[in-house]
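Structure record follows, encoded as structure tokens.
The values are calculated or read from the model by the stated rules, or taken from the named source; none is laboratory data. These numbers were taken from a predicted model, which means no experiment stands behind them. Backbone-built Cβ (ideal geometry, glycine too); neighbour counts: all protein chains shown. SASA here: full protein model, heavy atoms, side chains in, ligands and nucleic acids out. Shrake-Rupley method; radii C 1.70, N 1.55, O 1.52, S 1.80 Å.
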Amino acid sequence: LWKPEKKENVSFISPWKSLEKWENDEEGKKDYKDLWRNLYLCEKDSKSFFRKKYILKMYITYEDYLEKYGSPLKKALKIIEDMEIQQKKSEKEFLLNEKVEIYERLANKGEKELFVSFIQRYMKKEEEPYRAWNYYRRYLLFQEEHGKKIYSDYEIFIKKYPHFPDAYIDYCIYLCRYNQWEKAKQIYRKGKKKADITGNKASKLKERLGL
């Protein structure tokens, strides 16, 4: 992890000017250690929400190149925590989306605790099914991509949000993928009764199930 030494003269040029110069240099070979150093300095000098947002974007955009110098995703999470203190209502959704994106990236690198615990906490407090599904579906896809069976995860969601049709449809499709036809028919009928599943996707699923 780079940190300036006390004797090092780092203030003769604004770190923001250095960062701007680095980003606009399209001809030379990018020095990512230089980027990491500039981001570190800018982070110390960032007061406004806008500047923090810019640093956040840089850490995420150049994540793969910066990992050899530290953890850009952990840095990004710390910035989000700082931004949440001064956030406006209109920025709340943006910060939440960014945070979940980082949790998911960390999970794909083997650090899944933050992602899993967030989903569990969010499910407990979120009453709006569409908002809950927006994040829970990402969790389901993540689990399946990593070889997990997610029957019980679907059951948890439809138990809490019994009137949300999309969950029943996706659950049926998942069951069909693993040849669980009778179970899929059962879930379809349950969804039709409780959530009145309709639409083109539901019609094709009904036809596939022979109902």
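Inspect segment 111-128 for any residue being under 22 Å from the mean Cα position of the chain (by Cα) and either farther than 22 Å from GLU81 by Cα or touching a residue at least 60 places away in the same chain (Cβ under 8 Å) (or both) and give the result as yes or no.
Checking segment 111-128: at least one residue is under 22 Å from the mean Cα position of the chain (by Cα) and either farther than 22 Å from GLU81 by Cα or touching a residue at least 60 places away in the same chain (Cβ under 8 Å) (or both).
Just to be sure I understand, how many residues within segment 104-125 are of a type in the set (Asp, Glu) and surrounded by 13 or more Cβ atoms within 10 Å (Cβ to Cβ)?
Within segment 104-125, residues that are of a type in the set (Asp, Glu) and surrounded by 13 or more Cβ atoms within 10 Å (Cβ to Cβ) number 2.
So, in segment 15-39, of the ones that are at pLDDT below 80 and in contact with a helix residue (DSSP H, G or I) (Cβ under 9 Å, 6 or more places away or on another chain), which residue ends up least open to solvent (accessible area, probe 1.4 Å)?
Of everything passing the filter in segment 15-39, PRO15 is least open to solvent (accessible area, probe 1.4 Å).
Are any residues in segment 84-110 assigned to a helix (DSSP H, G or I) and over 27 Å from LEU141 (Cβ atoms), and if so, which ones?
Result: ILE85, LYS89, SER90.
In the set LYS148, LYS194, which member is open to solvent by 70 Å² or more (accessible area, probe 1.4 Å), over 14 Å from the mean Cα position of the chain (by Cα), modelled with pLDDT under 95 and under 30 Å from PRO72 (Cβ atoms)?
On inspection, the qualifying residue turns out to be LYS148.
Could you tell me which of the residues TYR168, TYR136, TYR154 is under 13 Å from the mean Cα position of the chain (by Cα), within 30 Å of ASP196 (Cα to Cα) and open to solvent by less than 20 Å² (accessible area, probe 1.4 Å)?
TYR136
Quick check on segment 40-53: of everything there that is part of a helix (DSSP H, G or I) and either modelled with pLDDT of 90 or more or charged (D, E, K, R) (or both), which residue is least open to solvent (accessible area, probe 1.4 Å)?
LYS52
Residues are listed down the side, and each one gets a yes or a no for (1) within 30 Å of MET58 (Cβ to Cβ); (2) among the small types (Gly, Ala, Ser):
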{"site": "ALA132", "(1), (2)": "no, yes"}
{"site": "LEU141", "(1), (2)": "yes, no"}
{"site": "TYR151", "(1), (2)": "no, no"}
{"site": "ILE156", "(1), (2)": "no, no"}
{"site": "PHE164", "(1), (2)": "no, no"}
{"site": "ASN179", "(1), (2)": "no, no"}
{"site": "ASN200", "(1), (2)": "no, no"}
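State whether the residues of segment 146-154 include one that is β-branched (Val, Ile, Thr) and in a loop (DSSP other than H, G, I, E, B).
There is at least one residue in segment 146-154 that is β-branched (Val, Ile, Thr) and in a loop (DSSP other than H, G, I, E, B).
Checking the conditions here, which among LEU66, LEU96 is open to solvent by less than 80 Å² (accessible area, probe 1.4 Å), closer than 27 Å to TRP133 by Cβ and modelled with pLDDT of 85 or more?
Of LEU66, LEU96, the one residue that is open to solvent by less than 80 Å² (accessible area, probe 1.4 Å), closer than 27 Å to TRP133 by Cβ and modelled with pLDDT of 85 or more is LEU96.
So the check is Cβ under 8 Å with 6+ separation or different chains; which pairs have a first residue in segment 173-185 that's within 12 Å of TYR154 (Cβ to Cβ) and a second one that's of a type in the set (D, E, K, R)?
From segment 173-185, the pairs are TYR174/GLU144; LEU175/LYS183.
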